[in-house]
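These notes concern the structure reproduced below.
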Amino acid sequence: MRTQVGIIGAGPAGLLLAHLLHRAGIDSVILERQSRVHIESRIRAGLLEQGSVDTLTEAGLGERLHREGLKHDGLELRFAGGNQRIDLFGLTGKRVTIYGQQESVKDMVAARLDSGRPLLFEVSDVALHDIAGEAPRITFTHEGRAQELRCDVVAGCDGFHGPSRAAMPPEVLRVYERVYPFAWLGILAEAKPISHELIYARHEDGFALATMRSERLSRLYVQCAPEEDVANWPDDRIWEALHTRLGRVNEGPVIQKGITAMRSFVAEPMRHGRLFLAGDAAHIVPPTGAKGMNLAVADVRVLARALTIFFREGDERLMDGYSATCLSRIWKVQRFSWWMTAMLHRFSEDDPFEHRVQTAELDYVCGSEAARRTLAEQYVGLPFDE
Ligand code: FAD
Ligand code: DHB
């Protein structure tokens with residue numbers, strides 16, 4: 001099999017890249033390890049920056065997103081027994097939208113299948129070859145048959161644990177990492193959200209977040225120990241922690257429960273030869289700033305444009321600038337995600353100094369228009385710098 005761009009991974013990064021390339025007349029093949037049902041039901045991120053919504057809309061993927069997505073003009077910070085609203089729209093003129101990642105994935109899978117171009121599910125043994133040269137190959141097994149995909153470019157969109165980053169020679173790859181001493185326990189519950197906006201809470205017991213998927217579905221998170229076993233968190237314990245940290249929340253049947261580890265991670269550079277990494281394959285942010293999927297979208301915008309110019313005109317300049325262009329945004333978003341995480345979580349068991357400094361920082365952010373604007377313009381998403 002031969003194509004122009006071999007895409008490994010059908011998460012938001014791989015699917016959006018395939019879609020943008022198809023609209024530019026560029027052929028691709030997507031190889032995905034999981035089944036369609038699996039990727040369409042995996043509950044992950046939920047918040048889209050205005051720029052991500054605009055990107056999906058311009059790409060013709062916005063119809064259901066605009067119908068079902070919940071537009072938010074502000075958010076609440078809850079700490080020291082009080083509650084402060086950050087007026088995102090008033091401060092920036094931009095909004096954020098709640099729309100489950102798996103819903104975007106469904107829209108993009110449907111668009112891909114409509115295009116008639118290949119999206120292979122349940123592939124195994126994916127391996128990259130000859131990435132340093134101009135004729136890279138991907139070998140894999142599909143429906144019991146060993147196959148080879150020859151391409152001009154490989155896009156590694158295979159998430160944090162995929163084979164693409166590992167295929168880069170260790171001597172060219174630099175990794176920057178921070179692992180946090182806590183995790184998030186997240187639930188999806190059939191319960192009316194307590195507020196129509198998101199609430200981020202800093203409490204002596206730890207962080208909590210109240211978000212939603214619809215007017216009848218709450219998505220709730222509590223900070224927990226890093227190696228926590230979900231079995232240690234029966235529903236009663238979760239509701240009690242949520243009531244303590246957020247104030248009263250509406251209870252209802254818990255229909256999903258899971259633990260998300262917290263890390264900051266950046267791999268540099270994001271390109272080696274004809275292999276380009278995008279999304280979680282190259283970087284991970286702690287979820288406090290809601291940036292994971294938005295960064296994947298931002299990378300793919302830059303990559304789709306660079307590849308379009310390359311295939312149309314043979315001009316490699318944007319490809320050469322891909323890594324630096326993406327990393328400039330990624331490090332700003334890393335800093336923001338780290339800052340939000342540091343301000344809102346409990347790091348140590350017993351450190352009254354830390355608690356007071358965090359309260360002072362939250363107080364300052366809420367009391368200063370300049371600080372509220374700083375938070376707001378990063379939360380709604382920095383402008384694309386292309
Ligand atoms: P992914 O969505 O990970 O997609 C990568 C794809 O590659 C997957 O479909 C995978 O199956 C496939 N793949 C992997 N290995 C192979 C292989 N060998 N061969 C073929 N295919 C392969 N962000 C937030 O902002 N808020 C959240 O609440 C939040 N929750 C999260 C919860 C979890 C459990 C996880 C893992 C992530 C969460 N994120 C969250 C982060 C966000 O979901 C990611 O940043 C986003 O999915 C990145 O998209 P991606 O396409 O780069 O990677
Ligand atoms: C959601 C997740 C986040 O990590 C966040 O900061 C905001 C919203 C969500 O799942 O809706």
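Expressed to the nearest 5 percent, the antiparallel share of DSSP beta bridges inside the chain is 75 percent. Classify the range 337-380: rounded, prolate or oblate, from the alpha-carbon gyration tensor (a ≥ b ≥ c, eigenvalue square roots; a/c under 1.5 rounded; otherwise prolate if a/b is larger than b/c)? Judged from the Cα gyration tensor, the range 337-380 comes out oblate (a/c at least 1.5, b/c at or above a/b).
When +1 charges are put on Lys and Arg Cβ atoms and -1 charges on Asp and Glu Cβ atoms, the dipole computed for the range 33-192 relative to its Cα centre reaches about 420 debye. Take every Cα-Cα pair in the range 244-322 and report what % of them are more than 22 Å apart. So the pairs more than 22 Å apart make up 46 percent of the total in the range 244-322. Straight-line reach from Lys332: taking Cα to Cα under 17 Å and skipping same-chain neighbours fewer than 8 places apart, the aspartates and glutamates in range are Glu49, Glu177, Glu268, Asp280, Asp299, Glu377, Asp385, Glu386. Placing +1 on each Lys and Arg Cβ and -1 on each Asp and Glu Cβ, with no other charges, gives the range 51-107 a dipole about its Cα centre of roughly 180 debye. Over the Cα atoms of the range 274-363, each weighted equally, I'd like the Debye log10 I(q)/I(0) at q = 0.13, 0.15, 0.22, 0.26 Å⁻¹, rounded to two decimals. Computed log10 I(q)/I(0) values: -0.55, -0.65, -1.01, -1.21. When each of Phe140, Phe160 is scored by the number of other beta-carbon atoms lying within 10 Å, the sequence from fewest to most is Phe160, Phe140. Measuring how big the range 265-311 is from its alpha-carbon positions, Rg and Dmax come out at 11.6, 38 Å. When the P(r) of the chain is calculated, the portion above 39 Å amounts to 18% of the C-alpha pairs. Springs join every pair of Cα atoms under 10 Å in this Gaussian network model of the chain, and among Glu68, Glu171, Glu103 the largest mean-square fluctuation is at Glu171. As a proxy for reagent exposure, Val154, Val123 were ordered by neighbouring Cβ count within 10 angstrom, fewest first; the result is Val123, Val154. Comparing Cα centroids, the range 130-155 and the range 32-82 end up 32 angstrom apart. Counting only Cβ charges, +1 for Lys and Arg and -1 for Asp and Glu, the dipole size of the chain around its Cα centre is about 560 debye. Under 23 Å of direct C-alpha separation, and excluding same-chain neighbours fewer than eight residues apart, Lys257 reaches these lysines: Lys106, Lys192, Lys291. For the options Ala189, Ala231, Ala201, a Gaussian network treatment of the chain with springs between C-alpha atoms closer than 10 Å singles out Ala231 as fluctuating the most. Fewest neighbouring Cβ atoms within 10 Å first, the residues Arg216, Arg165 line up as Arg216, Arg165. A dipole drawn for the chain from +1 and -1 charges on Cβ atoms has a positive end, and of Val380, Gly25, Ala298 the residue lying farthest that way is Gly25.
Coordinate-derived values only; no laboratory data. This structure is a prediction, so every number in the text was calculated from the model and none was measured. Please note: Cβ atoms are built from the backbone with ideal geometry, for glycine as well, and neighbour counts cover all protein chains shown.
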